[in-house]
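Worksheet: the structure to be examined is printed underneath.
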Amino acid sequence: MYICIRSFCKFTTLTILLLFFLSCFSFTSIEAYDALDPNGNITIKWDIISWTADGYLAVVTIFNFQQYRHIQAPGWTLGWTWAKKEVIWSMMGGQTTEQGDCSRFKGNIPHCCKKDPTVVDLLPGTPYNQQIANCCKGGVINSWVQDPANAASSFQLSVGAAGTTNKTVRVPKNFTLKAPGPGYTCGPAKVGKPTRFVSPDGRRATQAMMTWNVTCTYSQFLAQKTPTCCVSLSSFYNDTIVPCPTCTCGCQNNITPPGSCVNPDMPHLASVVSSDNEKNNYSPIVQCTSHMCPIRVHWHVKLNYKDYWRVKVTITNFNYRMNYTQWNLVVQHPNFDNLTQIFSFNYKPLTPYDKINDTAMLWGVKFYNDLLMQAGPLGNVQSELLFRKDKSTFTFDKGWAFPRRIYFNGDNCVMPPPDSYPYLPNASSRQNVSLLILAITLLLSVAFHLACV
């Protein structure tokens, strides 16, 4: 009996200690499955258009079926492993990064002889005789909802040393997609129904000889180990401005990226930024802040009317190296089912679960504020949202007026801890009850443990 009580004391003490230390840290839920875009993916379609003497001619198209996540500069990189000893004779609309060893060929040299080629998009301004439709955008692909006309990218390749019939062709394997870095996991290629192509006049349809598809899904955890954005809060009914949590995206002068930062008042700031940009380095140069995030989203509860309430949203860019073109914001709040008006932003409701309308996608108006400039005086965009009150649910109490979740360009932003939210002035003083209870419980458990000993 004494042994059981002693073991229980030790187990209880360790459990309480673990819970106490976990309560002192803030974790962000980062999962491969995106609850706000459950069907979003990148689909790679490989269409064999015609047969050649020793292989085939194919068009490969990368479709971005994600509602709000772009493929940004420096663009996508697609790789795979050939099933046999195939080579790429020529390409249009794209190119491989390496030719590989083509010494076994005499005379006509292939474009690429590697077993595992890596393909990138061509840049804007490529000569017309090297282009095909949907190519040559530097690998940038916009999201399906925001810009469907630019949500695909294509290239053409002539494959040799391959099969020349549906039965002898072998599907490539081990597809990889970087956009531009890691983050996407691709499944195996699956042969599907051949694609049909309709002529521009709509009077004739042709069909691919063979088609296979590859589906790639995104994980923010694989893309980067640290967050890329954070959220700050304020309200008209409280003077408290809740900042982004300290060291959200890293701490100054430590090994956690970004780690190093620049002071906006430094005399040679422009020369530092321009010299780094000439090297085509896309890693962020952030302004020195307590949170060290490239992007901060500020949610301010601005006004209260009889039947309405108003919010001001401001997005600030602290990254000196990046202008965010075609930026977007996804916000989850229960009052979006009664959004009355939005100023200077585009809006689309996202309803992945049919009747639940609590998520909004916001983005800039073209040629007005669709470009979020780099850090500096012009490095911000803002808008206001007017909500109609639902008498059965509306309240300013317990942080209800603040968002549940915010994404910037598809990445989950870190929210402040709920017990730090601005509170109503007539409410009782804020109480860090959970932390207090854990501290008291810890002390009691230690005392109990000592008594057991």
Practice task
Can you tell me which residue within region 163-177, out of those that are in a strand (DSSP E or B) and crowded, with 19+ Cβ neighbours inside 10 Å, is farthest from the chain's Cα centre (by Cα)?
Solution key: PHE175
Handout entry: The one condition in (1) in a strand (DSSP E or B); (2) touching a Gly at 6+ places or on another chain (Cβ under 9 Å) that LEU57 fails to fulfil
Key = (2)
Exercise for the section: Kindly check whether there is at least one residue in region 337-351 that is touching a His at 6+ places or on another chain (Cβ under 9 Å) and at pLDDT below 95. Expected result: no
Exercise for the section: Select from region 241-252 the residues that are part of a loop (DSSP other than H, G, I, E, B) and farther than 19 Å from GLY410 by Cα and list them in ascending order. Expected result: PRO243, PRO245, THR246, CYS247, GLY250, CYS251, GLN252
Problem - In region 216-240, the residues that are in a strand (DSSP E or B) and free of Cβ contacts under 8 Å to residues at least 60 places away in the same chain - result: ASP239
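Conditions tested, residue by residue: (1) touching a residue at least 24 places away in the same chain (Cβ under 8 Å); (2) touching a Leu at 6+ places or on another chain (Cβ under 9 Å); (3) open to solvent by 20 Å² or more (accessible area, probe 1.4 Å).
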site	(1), (2), (3)
GLN332	yes, yes, yes
SER344	yes, no, yes
PRO352	yes, yes, yes
PRO377	no, no, yes
LYS391	no, no, yes
ASP397	yes, yes, yes
Problem - Listing of strands (runs of 3 or more DSSP E) fully contained in region 65-153 that carry 3 or more residues being open to solvent by 10 Å² or more (accessible area, probe 1.4 Å) and closer than 19 Å to THR52 by Cβ - result: 87-92
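The values are calculated or read from the model by the stated rules, or taken from the named source; none is laboratory data. Please read these numbers as outputs of a predicted model, since none were measured by experiment. With ideal geometry, Cβ positions are generated from the backbone for all residues, glycine too; neighbour counts draw on all protein chains shown. Protein only, heavy atoms only, side chains kept; ligands, DNA and RNA dropped before computing areas. Shrake-Rupley method; radii C 1.70, N 1.55, O 1.52, S 1.80 Å.
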